[in-house]
1. Going highest first, how would you order 109-118, 134-143 by mean Cβ packing within 10 Å?
2. Give the residue from HIS34, MET98, THR125 lying farthest towards the positive end of the charge dipole for the chain; charges sit on Cβ (+1 for Lys and Arg, -1 for Asp and Glu) and the dipole is referred to the Cα centre.
3. Suppose every K and R has +1 on its Cβ and every D and E has -1 on its Cβ; what is the size of the dipole of the stretch 17-139 about the Cα centre, in Debye to the nearest 20?
4. Can you give me the % of accessible surface on the chain that is carbon or sulfur? Probe 1.4 Å, all protein chains present, nothing else counted.
5. Would any residue of the stretch 14-50 have its amide N under 15 Å from a label point 7 Å out along Cα→Cβ of LYS3? List them or say none.
6. Quick check: with the 1.4 Å probe, what order do HIS6, HIS34, HIS59 take by accessible area, largest first?
7. As a test of the formula, what do you get for the chain when each DSSP H run with n ≥ 4 contributes -39,500 (n - 2.57) and the sum is divided by the residue count, at 222 nm and rounded to the nearest 500 deg cm²/dmol?
8. Cα centroid distance between the stretch 36-69 and the stretch 112-170, in Å?
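The values are calculated or read from the model by the stated rules, or taken from the named source; none is laboratory data. Values in this document were obtained by computation on a predicted structure and should not be read as measured data. With ideal geometry, Cβ positions are generated from the backbone for all residues, glycine too; neighbour counts draw on all protein chains shown. Please note that ligands, DNA and RNA were not included when accessible areas were found on the heavy atoms of the full protein model with its side chains. Shrake-Rupley method; radii C 1.70, N 1.55, O 1.52, S 1.80 Å.
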Amino acid sequence: FTKFIHPDDVQHISDGLNRSLKTKESAFGTELEHRIIRGDGKTRHMVVRIRTIKSTENHDAFAYGTIQDVTESKKIEDELKESEEKFRKIFYNANDAMFLYKLEGKDFGNFLEVNDLACESLGYTREELICMGPRDINHPDNISRLTLNLENFFKEQKTNFETSHLTTGS
């Protein structure tokens, strides 16, 4: 199998197979993720699921399994990680207070995440703000406008507005 297993993954596969052969259990299952190099030179990501059954007095030992090509899933997973990393860099390094909140139906839910500048400007800790939402930090005079802005967002798929926030000192 070393002809088509990626050289960096041969030991990993070998170790996994040896574990299944050396187990004291009568039946053993394992899942191994590795890369293969196809005849055309392209690398693919595979997941192999193997189940081994030890021989008994009445039965010979045998193994069975499946091989699944997860190359596309792996590619999407890597792209998602890269996108999340870019988002985090922008979100946490922005020169503005940033709030990420959940929409519950057509209303605001709690903040999912806030950046350091949001915490500094309002005087709350991140843990305190995560237990709050936009309605908790907006000045009471702005609550009706907040609802209107959200309605506009659902209608137009975008909105732009100014508001006043309450700080820990207000």
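1. 109-118, 134-143
2. Checking the options against the dipole of the chain, the answer is HIS34.
3. Computed about the Cα centre, the dipole is about 760 debye.
4. For the chain, the apolar C and S fraction of the accessible surface comes to 51 percent.
5. So the set is 37-41.
6. Descending order: HIS59, HIS6, HIS34.
7. The helix-only estimate for the chain comes to -12000 deg cm²/dmol at 222 nm.
8. Result: 54 Å between the Cα centres.
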